[in-house]
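Have a look at the structure below before the remarks.
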Amino acid sequence: MKSTEAVAYYFNKAAAELGLSDNMKTLLLTPERSIKVEVSIPMDNGEIGNFVGYRVQHDSSRGPFKGGLRYHPQVDTDEVAALASLMTWKTAVVDVPYGGGKGGIQVDPKKLSRGELERLTRKFVQRIHDFIGPKIDIPAPDMGTDGQVMAWIANEYAKFHGFEPGVVTGKPVELHGIVGREEATGRGVATITREVVKRQGRTLDGMSVAIQGFGNVGSISARFLAGMGAKIVAISDVTGGVYAPDGLDLEELTKYSKSAGGVKGFSHAKYVTNEELLTLPVDILIPAALGDVITTEIARNMKARLIVEGANNPTFPEADEILNKNGVIVVPDILANAGGVIVSYFEWVQNLQNFRWTYEQVVREQDSKMSQAFDKVYEVAKSRNLSLRLAAFYVAIERVAKATELGGF
Ligand code: NAD
């Protein structure tokens, strides 16, 4: 199933539950605008570098489009469109005043020099600057892009439209960024995990957790969950995984993976493959690396009773069905990893007001938004007997459909 089909699958199930008309379903599934631009730049060796850039603007009924910008060799219209629609549902479920967008350039950024990366970014802005802006569409970092890329975008955009730092979020703190953004997604994953466990009348104390991915989301989720009392027993990255049933020493593992370039080979832990990690006998599993990792076979062999999706789209729809049948609770990506977009929203608000928030304020407001979103989804799941995923889509689609109706066509 392609990415767009997977999102449409959940959308259609939740839309049927809501009783949406076919015309409204078509309207909500179709992106408002899809942009594809040629982005050619002079390379360091004097030759022309040819690249293609994309921006899909899915829905703006609740506010400006919002979503990341990805630099990756596999970026294409289908993937960008699926991720743009996921952003519509994600921003709606956590109730921030945005619609969904996503973009990217088909390129391997590791193969570009810093100068080439800057020229590529500035050329892309020259191509699309009339279609983005703090009140129109607000990109953010995603795979292959970072705060530096956002700083170049803001700088290039200002040449056409004047000082508007709110045109992108995820900027460096020294250049109108916000404190706490780096850790926001991982902290949100941990907050949501704690909320689910609380609803089961338990605490995280001593619960075992396996995490796939030791990058931004994985490592920060691990740190916060450990701080809440959970026992992190397995972690993996692109090099493979490590498993220690009595718990991993996160500080040592972080030091080791920095020096060795990955977690593989860490002593006092057993080596496991990325696939094995997903079926370890643990209480909680957090996929926080790639999409499409939980297949039907893995779902059948899964021992964890709670999955919190840090990564986008980690579970195939067919696998999701199996997990539901087996009574495994899955907190969907659009809710679980929404911490980043929530704090991006605070950054944008801060930029519009030219005012700085403190770290404590950011943490308090993020926690409050995530807990409110979780409460709402949980209540709908219980009252309508839906999985948390379908309940999250239900809440999101209901909000977007209502805004569309109220705004008029
Ligand atoms: P990252 O680049 O910081 O880390 C990715 C991790 O995945 C690394 O540890 C890497 O080694 C590992 N990895 C890469 N290829 C792998 C493979 N083949 N098998 C196993 N592990 C592999 O990325 P991140 O920001 O932590 O994002 C992780 C996921 O979370 C992505 O799906 C991303 O879309 C999603 N996400 C991130 C944010 C955010 O704010 N960073 C927000 C929402 C969703």
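Observations
- Sequence-distant residues sharing a close amide H with residue 237 (under 5 Å, placed H): 213, 263
- Amide H partners (placed H, <5 Å) of residue 100, local residues excluded: 58, 59, 66, 88
- Antiparallel bridges, percent of DSSP beta bridges restricted to the chain (to nearest 5): 45 percent
- Here the simple spin-label model places points 7 Å from the Cα toward Cβ, and for residue 303 and residue 45 these points are separated by 5.1 nm.
- Cα-centre dipole for the range 184-336 with unit charges at Cβ (Lys and Arg positive, Asp and Glu negative), debye to 20: 420 debye
- Computed from backbone phi with θ = phi - 60° and the Karplus coefficients 6.51, -1.76 and 1.60, the 3J(HN,Hα) list for the range 147-155 is x, 5, 4, 5, 5, 5, 4, 4, 5 Hz; x is used for glycine and proline.
- Karplus-derived 3J(HN,Hα) values for the range 108-115, using 6.51 cos²θ - 1.76 cosθ + 1.60 with θ = phi - 60°, are 9, x, 5, 8, 9, 6, 4, x Hz; glycine and proline are entered as x.
- Protection proxy ranking, peptides 209-218, 287-296, average beta carbon neighbours within 10 Å, highest first: 209-218, 287-296
- Contact order relative to length of the chain, as percent, for alpha carbon pairs under 8 angstrom and 6 or more apart: 16 percent
- Nonlocal amide H pairs with residue 204, under 5 Å, H built at 1.01 Å: none
- Efficiency of FRET from Cβ geometry, residue 108 and residue 354, R₀ 56 Å, rounded to 0.05: 0.90
- Dipole-positive endmost among 7, 21, 73 within the range 2-109 (Cβ charges, Cα centre): 21
- What you get for the chain, charging only the Cβ of Lys and Arg (+1) and of Asp and Glu (-1), is a dipole of about 500 debye around the Cα centre.
- Listed by chain and number, the aspartates and glutamates placed with their C-alpha closer than 13 angstrom to that of residue 376 are 95, 195, 398; residues fewer than eight positions away on the same chain are left out.
- Computed E for residue 38/residue 239 - FRET, C-beta separation, R0 51 angstrom, nearest 0.05: 0.90
- If you take the Cα centroid of the range 256-335 and the Cα centroid of the range 168-190, the two points sit 25 Å apart.
- Dividing the alpha-carbon radius of gyration of the chain by the rule-of-thumb value 2.2 N^0.38 Å gives 0.96.
- Sequence-ordered 3J(HN,Hα) estimates for the range 284-301 from the Karplus curve with 6.51, -1.76 and 1.60 and θ = phi - 60° stand at 10, 10, 10, x, 9, 10, 9, x, 6, 9, 8, 8, 4, 5, 5, 4, 5, 9 Hz, glycine and proline given as x.
- Of the beta bridges in the range 1-132, as assigned by DSSP with both residues counted there, near 70 percent are antiparallel.
- For peptides 101-110, 36-45, sequence by mean Cβ density within 10 Å, most packed first: 101-110, 36-45
- 26 Å Cα-Cα threshold exceeded, pairs from 159/402; 13/66; 13/90; 231/270: 159/402
- Neighbour-count order for 256, 157, fewest beta carbons within 10 angstrom listed first: 256, 157
- Computed about the Cα centre, the dipole magnitude for the range 62-159 is approximately 220 debye when only Lys and Arg (+1) and Asp and Glu (-1) carry charge, each at its Cβ.
- Using R0 = 51 Å, the C-beta based FRET efficiency linking residue 136 and residue 249 works out to 0.60.
- Computed label-point distance, nm, for sites residue 30 and residue 143 using a 7 Å Cα→Cβ extension: 2.9 nm
A short reminder: the numbers here are calculations on the coordinates, not readings from a lab. These numbers come from a predicted model, not from an experiment. Note: ideal-geometry Cβ built from the backbone for every residue, glycine included; neighbour counts use all protein chains shown.
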